[in-house]
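Here is the structure we will look at.
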Amino acid sequence: MNSRLLTIVLIVAACDRGSSGSPTCGIAFLAGPSLITSHLTNARAVLTDPPRGVPDSLPALVIQQRTGTGAVIVGRDAEGKLSMQFRGPGFPARGYGLLVVDDTSQRAMGVLILDQEEPQRHPVIGTVIGGSTALNLYGVKVDWASVSNPRCPLFGGPASTTS
């Protein structure tokens, strides 16, 4: 499939997913994850350790999957790294997870699951497990207001309360 057709398919799928089904939500759904992953090039935005106060459950979004919304159940392993269990459809066989943290409130907003090559030279802060597949988890701080449209939020409603 050529890239132009793929882009059109993704926009149509994104428009169906948004709360209002509008083209604005479709564009926000495509632009938000791209803006978030671009923060991986900023060393100050990359998390080097798992953050404190991560809720027991967070919304999750599998990028480039029409039915890729779900949630992760959050725990910690023996080393103190995050261990997340994905619940939902479309978990990829390869890729990585990206914990998104609002840089203003320091609140974990959700997890993007990307079916693409992992970021190089970034610290792994945990794992995301879907079925029998475990993906490395990275973390990034972003200005949430600049990457998520309040009329059609990237992860849906607000995150759970902390444990």
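So how do R94, R121 line up by other beta-carbon neighbours within 10 Å, fewest first?
R121, R94
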*Square roots of five times the Cα gyration tensor eigenvalues for the range 40-80, Å*: 22, 18, 8
*Could you go through the range 77-94 in sequence order and give the Karplus-derived ³J(HN,Hα) for each residue, using 6.51 cos²θ - 1.76 cosθ + 1.60 with θ = phi - 60°, rounded to whole Hz, and x for Gly and Pro?*
8, 4, 8, x, 7, 6, 10, 10, 9, 7, 10, x, x, x, 5, x, 7, 9
*asked:* Taking amide H atoms as placed 1.01 Å from N in the peptide plane, list the residues 5 or more away in sequence, or in a different chain, whose amide H sits under 5 Å from that of R107.
replied: D102
*In which sequence would R44, R87 go, from the one with the fewest C-beta neighbours within 10 Å to the one with the most?*
R44, R87
*When the Cα centres of the range 84-143 and the range 42-58 are compared, how far apart do they sit, in Å?*
10 Å
*Footprinting exposure proxy for E79, E118 (fewest neighbouring C-beta atoms within 10 Å first)*: E79, E118
_Approximate spin-label separation A78-S105, in nm, with each point projected 7 Å along Cα-to-Cβ_ = 3.6 nm
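Here, each number is a calculation from the coordinates, and none is a lab measurement. Treat the numbers as computed from the prediction; the structure is a model and nothing was measured. All Cβ positions, even for glycine, are placed from backbone atoms using ideal geometry, and neighbour counts span all protein chains on display.
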